[in-house]
1. Has the range B:103-116 got at least one residue that is more than 28 Å from B:ALA170 (Cα to Cα) and modelled with pLDDT of 95 or more?
2. Scanning the range B:160-177 for residues that are more than 7 Å from every other protein chain (Cβ to nearest Cβ) and not in a loop (DSSP other than H, G, I, E, B), which turns out least open to solvent (accessible area, probe 1.4 Å)?
3. Does the range B:147-159 hold any residues that are within 14 Å of chain A (Cβ to nearest Cβ) and open to solvent by 60 Å² or more (accessible area, probe 1.4 Å), and which are they?
4. Tell me, which helices (runs of 4 or more DSSP H) lie completely within the range B:1-92 with 1 or more residues that are closer than 20 Å to B:ALA144 by Cβ and of a type outside the set (Lys, Arg)?
5. Could you tell me which numbered condition B:ARG133 fails, if it satisfies all but one of (1) open to solvent by 30 Å² or more (accessible area, probe 1.4 Å); (2) at positive phi; (3) touching a residue at least 12 places away in the same chain (Cβ under 8 Å)?
6. Those residues that are of a type in the set (Gly, Ala, Ser) and at pLDDT below 90, I need them from the range B:117-147; list them, please.
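The values are calculated or read from the model by the stated rules, or taken from the named source; none is laboratory data. Given the structure is predicted, the values throughout are model-derived calculations rather than measurements. Reconstructed Cβ throughout: ideal geometry from the backbone, glycine too, with neighbour counts over all protein chains shown. These accessible areas exclude ligands, DNA and RNA; they are computed on the full protein's heavy atoms, side chains included. Shrake-Rupley method; radii C 1.70, N 1.55, O 1.52, S 1.80 Å.
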Amino acid sequence: MTVEPAEKLLAPVLSAFWDDPRSWTLDTYRRHEAIRA
Amino acid sequence: MQSEEGFVSRTGIRFCAELLDLTTAEVTAVVTFYTMYRRKASGDYQVGVCTNTLCAVMGGDAIFDDLKQHLGVGNDETTEDGKVTLEHIECNAACDFAPVVMVNWEFFDNQTPQSARQLVDDLIAGREVAPTRGAPLCTYKETARILAGFPDEREGAVEASGGAGPASLAGLRLHRGESAARVVPQRADSPRAPRDEADTYATPTSPSPAEHPSSHDAPSTNATGTGTEEEGE
């Protein structure tokens, strides 16, 4: 049995695009399909 | 209501009830439920110390006790000059920068009793203070207006200090292989890993991670503000 290192086991979801230059904008959310409204 | 009067008065409650065709009891129920509504006149600056669990153990309780003594006021009380209202606040989702103090709902990260005392001294003396992240500080009434959904009209205010801070991106960088995995030391005297972005978020009233460890580091004796940085560097 192999043990995955922690950084592979836990893939960021909510924070996946937090390092985008303008991460807080609606445009960024839409580009990552984080919001469909 | 808060952006006009600075708090929600009984007159304000009646005004809302009439405007919205509700009873004053219904409006009062909303006002008393949400902790961000004030129900009495307060200071120009709301100094909120997060004392929810993580911030509390990381030093929030110590900061709150220290500010109570320093300002001579209790929870939800205002200094005699009308400048500062001290309050316990609830979690503001900045646990990775604990312990957090908020002034008019702007973030002051990684605080210590000393830095928080300096912060309130600056506010009382009218010296400009800069939040660690987010928009520049404005008055409580202006903040209330923005929080009510009106746009922040100040040029460039929203993007003033960029996006997420390094502590919030640690997991993402680790996942991308952009930073080396390391085990958080369990003992206060364990050596610490070097910090890359140490000075990124330093402001006069918010020490950078170089001066104050974030919550990614094991709790050490820093809760009382005694520096431990020299141990690992």
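1. The answer is no, given that none of the residues of the range B:103-116 is more than 28 Å from B:ALA170 (Cα to Cα) and modelled with pLDDT of 95 or more.
2. B:ALA167
3. Listed by number, the residues that qualify are B:PRO151, B:VAL158, B:GLU159.
4. Per the criteria, B:2-5, B:10-20, B:24-33.
5. (2)
6. Hits for the range B:117-147 are B:GLY134, B:ALA135.
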